[in-house]
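Any read-out appearing in this document is the output of simple, stated calculations on the displayed coordinates, not a laboratory observation. Computed from a predicted structure; not experimentally measured. Cβ: placed from backbone, ideal geometry, glycine included. Neighbour counts: every protein chain shown.
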Amino acid sequence: MKKTELIKLASSWFQKKNWNEFPFQKKTWNAFLDGKHGLLNAPTGSGKTYALWVPIVLQYIKDNPDYKTKHAKGLKAIWITPLRALSVEIQQSAQRFADELETGLTIGIRTGDTPQSERAKQKRNMPDLLITTPESLMLLLASKGYEKVFGNLTAIVVDEWHELLGSKRGVQMELALSRLKTISPNLRIWGISATIGNLEEAQNVLLGMDPEFRKNSVLIKSKQKKKIKVISIIPKKMETFPWRGHLGLHLLDDIIPILKDSKTTIIFTNTRSQCEIWFQKILAKYPEFAGEIAMHHGSIAKETRLWVEQAIRNESLKAVVATSSLDLGVDFAPVETIIQIGGPKGIAKFLQRAGRSNHRPGEPSVIYFLPTHALELVEASALKRAVKEEVMEDRIPYLLSFDVLIQYLVTLSVSNGFIPKELFPEIKSTFCYQGITEDQWKWCLNFITMGSQSLQAYDEYKRVEVTLEGVFKVESKRIAMMHRLSIGTIVSDAMLQVKYVSGGFIGTIEEWFIGKLKPGDTFVFAGRTLELVRLRNMAAQVRRSNKKSATVVSFMGGRLPLSSQMSKILREELQSEAEYKRNTPELKALSELFERQELESIVPKQDEFLIETFKTREGYHALFYPFEGRFVHEAMSGLLAYRISLLLPITFSLAYNDYGFELLSDQPLDVQQVIDNNLFSSEYLFDDLQKSLNSTELARRKFRDVAVISGMVFQGYPNKMIKTKHLQSSSQLLFDVFRDYEPDNLLYQQAFRETFEHQLEEGRLRMALERIATQTIIWKQCEKPTPFSFPIITDRLREKLSSEKLKDRIKKMTLQLLK
Amino acid sequence: MTQTITIREKHFTLHPSGAIYWHEENMLLIADVHFGKVAHFRKHGAAVPQKASEENFRKLNVLVDTYQPGTICFLGDLFHSTLNNSWKDFTQWVKFQKSEFILISGNHDIIPKYLFEELGVIVYDELLRSDFLLTHHPIEDEKLFNLSGHIHPGVRLQGVGRQYIKLPCFFKTEKQMILPAFGNFTGKYILTPTSTNEVFAIADDEVICVSTNS
């Protein structure tokens, strides 16, 4: 069949369904059938699945003219999705098209949830399309004979590529693709991405450094645009609205009319614990919602989540309180309204959430923004502008992630084994490892075979062995099994299952939280009050409790930093305030807060840099307001604290948020000295940053991921009773050991480099310092905390830095005693 | 810098390595060395730096040079796991020592007793010297004073300006002294003392009594 005939086949199917085919869909079909690779930029709910599934089927029809009578066996295409939850939806759409064209094509799912029996069946007889996750794809590469399974692939589609791009799962994908390019000669590589600032880079990362692939590729943008309407929920009484906080419960009553007016509402929160609390509080105050409102977050059992998703579709729910677990994918037509609680911290995220509502074409999506403390109203005002001006953030891809490379090399050693000389060009063709040197490559090979750089007497290191033919292989079954188990570990704290004593799985919870509880203690989880009965085999056994108050489960993470685009707009909004323009309803509402701020201090103008100092019971506070977003403040506070600590022995506790940062000490800080010594200089920035990094905990925290991914910390066997006896170690201990004995280890150094590239954003920091250099520094010695300072000084998650001798510090400290 | 304290008229010097020297008995007490932990990890594919395992011997040599003890008594968890090449290093080291060796068996000590005994290390479950009872797990006894390990004790100190710090420590109650872990690739477990406990924290190369600053 010719291309035009093939496309006609699809078009008539669309017509039969009474659907319009969009230009971007047709463009994609054409490009695919022409043998091109590419990136499709299309939002969720726009028909992107058919944009790529249709031509895969058409290609099959073209290659097999008697497709209706004879089914050609074997895997033809892989569809990668970052979230397991999305796979069913994709399967249904794909199956519908395949069936109605009478192709006999089968579509299978393979994720962590797929039962062992099903997986074994797939191995014997692969479906035609396999929907899977990056981890499960890696696991397939860890099984013998994978090259036969993938040999006849015509396409791999990476869905939601923007989600994977800025993460190490994205690097996993790059490596898997580099292998597939070699073993599947007819492969087309396609990505689907929502709008981000660096779409072209996203395309390059996906296709790799290979010029042939890049040349033969296209970037297709769907022209569909959604109108978005942002409405801030402004407190009626500003006087009683708090200066700090992150829950936003003060405005709970204000959302009730919104819920009642709309068919279905999704309430997005920023953390799982916030999600739990909101769910509880709405029900406690408005019991009439019982049965009509549900909760959805990543720690809740899969069955419950699926039930909630289904209930949204049948319109049997009035509202769902959710976290980012509902950000992606699945379309919920009945959702009319979105409420965002607290700053979403990024424009792309905010838009994505807004887009979850109202899929009727032509009508705008409505999103309400509910501030959790007063200053967040400035953020609301800034968000509105960002949406209007269509500002978009970049997703920064990882470079030279040696941990992922080591994991990948061991993966290949577990299955067929590899010959370094043959594999190196593949690795070097990826975006992530384009800059890898021969030395670094050799280092990685030595690391997996000898555990370091030279074989020492008596060493019993055992992981990958080299056969006489020069093939790198894992011979030990035990090591192979441990490796397979660790591939899927999403880097997080050890997770425990929460189960009823009588059985019945409720969800998973981070170990450190349960670790703080004693049997008999109660806590709130998954919307229920539970009593901890005992801990057994990686499970917390609980029973329901009627006790009133209880700790709400808290989860680490979930604090998203303000992107640079967002912080610039935020700064401009504030400055417009300093000039008394007050040109948005949000800023008008904040009048009183700004007046209070001006009473004690000032609202800085564009050419001013504000520093405040004051003393409280806690010690001497010094606050700095660059308005550059959390990451820059994190770096700048460490840098400044480090530079001050060179002038005198001093100990600081550091806190930061999106507006500014605090240096808290037990001795007063002479700000004049900071100014006179030019401590905001961007000279020696790299050096000083590096040293400040050594004295804080940032790199140490990054090292945790690196240690887990590279297989140095084994997280144990999920759901298995086998004990990993004597192999428990914390990444903290490992970090110390590397610092003391092997500081040139590439993985140890990677933790620092990643902190630089992904957390501290040296480039942004430098620009911020250069900006400060042009500003007038205004030092306000205040009597008491100012409205601007409040959210920062009350933050309890802190970094520390000290140049005092340990012994001198101890003398000033007290032992915490049991009361 | 060390600290010397008196318990029931006997003298004990607390050393920043985590060891205790008992003057009257001319005995060095050492808890939770976890020899072979590094090798155990390496054997299972986790590339912990090999050099880390040499540190324990360096520290032991410093102690032997300083105190020249008649007896070295390990309060359990001397070895982390099953036999591996660290055993060879240990036997080599023991052969060059003049002291007598005692091991109070701990929960990690799964290496067969006879191998220790061939080396001249005497293995006990517990040991009584004057009215001091030496064990691995801390125990309560009405009359005796208990010296033990197992816990890897540490404490948390806090100060003005939201400062806090966690340090390994010697933890003393009325009838017990728990030693910190000697091994360098071990961790610590934070204890919360009561006002009657005495806590000696290890800060770099000093032992400092911190229970007086509460």
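Collect residues whose amide H, placed 1.01 Å from N in the peptide plane, falls under 5 Å from the amide H of B:Arg129; neighbours closer than 5 in sequence don't count.
B:Leu134
To one decimal place, what Kirkwood hydrodynamic radius in Å is obtained for region A:228-389 from all pairs of distinct Cα atoms?
On the way: mean 1/r = 0.0633 Å⁻¹.
Averaging 1/r across every pair of different Cα atoms and inverting gives 15.8 Å.
Tell me, A:Arg244, A:Arg478, A:Arg571, A:Arg356 in order of fewest to most beta-carbon neighbours within 10 Å?
Details: A:Arg244 18, A:Arg478 11, A:Arg571 21, A:Arg356 24.
Taking fewest neighbouring Cβ atoms as first place, the list is A:Arg478, A:Arg244, A:Arg571, A:Arg356.
In whole Hz and in residue order, list the ³J(HN,Hα) couplings for region A:779-791 that follow from phi through the Karplus curve 6.51 cos²θ - 1.76 cosθ + 1.60, θ = phi - 60°; x for Gly and Pro.
My calculation for region A:779-791 gives 9, 10, 8, 9, 7, 8, x, 9, x, 5, 6, 4, x Hz in order.
Would you work out the Kirkwood radius for chain B? I mean one over the mean of 1/r across all pairs of different Cα atoms, in Å.
Hydrodynamic radius (Kirkwood, Cα only) of chain B equals 17.7 Å.
Given the DSSP H assignment, sum -39500 (n - 2.57) over each helix run of at least 4 residues in chain A and divide by its residue total; what's the result at 222 nm in deg cm²/dmol, nearest 500?
That comes out to -12500 deg cm²/dmol.
Over all pairs of distinct alpha carbons, what does the Kirkwood formula give as the hydrodynamic radius of region A:209-288, in Å?
16.9 Å
Taking neighbour Cβ counts within 10 Å as the exposure measure, how do A:Trp19, B:Trp93 sort from fewest upward?
Neighbour counts put them in this order, fewest first: A:Trp19, B:Trp93.
Scan around B:Ala203 for amide H atoms under 5 Å from its own, H built in the peptide plane at 1.01 Å from N, and keep only partners 5 or more places away or cross-chain.
Here the answer is B:Ile208, since their amide H atoms fall under 5 Å of that of B:Ala203.
How large are Rg and Dmax for chain A when calculated on the C-alpha trace, in angstrom?
Cα-based Rg and Dmax for chain A come out at 27.9, 86 Å.
What base-10 log of the normalised intensity I(q)/I(0) is obtained for region B:121-214 from the Debye formula, alpha carbons as equal point scatterers, at q = 0.11, 0.14, 0.25 Å⁻¹?
The calculated log intensity ratios at q = 0.11, 0.14, 0.25 Å⁻¹ are -0.35, -0.55, -1.33.
Over the C-alpha atoms of region B:21-90, what are the Rg and the largest Cα-to-Cα span, Dmax, in Å?
13.6, 46
Given points 7 Å out from each Cα along the Cα-Cβ axis, report the A:Thr4 to A:Arg214 separation in nanometres with one decimal.
3.6 nm
Hey, rough spin-label estimate for B:Gln158 and B:Glu126, points 7 angstrom out along Cα→Cβ, what's it come to in nanometres?
It works out to 3.7 nm between the two label points.
Quick one: 3J(HN,Hα) in Hz for region B:11-21, Karplus 6.51/-1.76/1.60 with θ = phi - 60°, rounded, Gly and Pro as x.
10, 10, 9, 8, 9, x, 6, x, 8, 10, 9
Is the shape of region A:22-165 best called rounded, prolate or oblate, per the rule: a/c under 1.5 gives rounded, else a/b larger than b/c gives prolate, else oblate, with a ≥ b ≥ c the square roots of the Cα gyration tensor eigenvalues?
Verdict is oblate for region A:22-165.
Amide H neighbours of A:Ile228 under 5 Å, counting only residues 5+ apart in sequence or on other chains, H built in-plane at 1.01 Å?
Amide H neighbours of A:Ile228, under 5 Å, 5+ apart: A:Ser365.
Once Rh for region B:24-64 is found with the Kirkwood sum over Cα pairs, what is the Stokes-Einstein diffusion coefficient at 37 °C and 0.692 mPa s, in µm²/s? Before the final figure, lay out the partial values.
Numbers: Rh = 11.8 Å.
Stokes-Einstein gives a translational diffusion coefficient of 278 µm²/s.
Beyond 30 Å between alpha-carbons counts as too far, so tell me which of A:Lys3/A:Lys76; A:Lys181/B:Lys51; A:Lys26/A:Lys168; A:Lys73/A:Lys421 fall in that bin.
A:Lys181/B:Lys51; A:Lys26/A:Lys168; A:Lys73/A:Lys421
Counting DSSP beta bridges with both partners in chain A, what percentage is antiparallel, nearest 5?
Percentage antiparallel, nearest 5: 40.
Return the single residue from B:Ile102, B:Ile202, B:Ile165 with maximal mean-square fluctuation; model: Gaussian network over chain B, springs between Cα atoms under 10 Å.
So, out of B:Ile102, B:Ile202, B:Ile165, the one fluctuating most is B:Ile165.
I'd like the GluC sites (Glu not before Pro) in region A:746-809 restricted to DSSP loop residues with at most 10 other Cβ atoms within 10 Å, sorted by number.
Working: sites: A:Glu754, A:Glu757, A:Glu761, A:Glu762, A:Glu770, A:Glu783, A:Glu799, A:Glu804; in loops: A:Glu761, A:Glu783, A:Glu804.
Passing both the DSSP loop test and the Cβ count: A:Glu783.
Rounded to whole Hz and in sequence order, give me ³J(HN,Hα) for region A:673-687 from the Karplus expression 6.51 cos²θ - 1.76 cosθ + 1.60, θ = phi - 60°, writing x for Gly and Pro.
So the Karplus estimates, Gly and Pro as x, are 5, 4, 5, 4, 7, 6, 6, 8, 4, 8, 6, 6, 4, 4, 4 Hz.
What list do you get for A:Thr132, B:Thr186, A:Thr240 if you sort them by fewest beta carbons within 10 Å?
Exposure proxy ranking, most exposed first: A:Thr240, B:Thr186, A:Thr132.
If I take R0 = 56 Å and measure r between the Cβ atoms of A:Gln781 and A:Arg739 in this structure, what FRET efficiency does the formula 1/(1 + (r/R0)^6) give, to the nearest 0.05?
0.90
Based on the alpha carbon coordinates of region A:256-340, what radius of gyration and maximum Cα-Cα distance (Dmax) apply, in Å?
Spelled out, the Cα radius of gyration and Dmax of region A:256-340 are 11.6, 32 Å.
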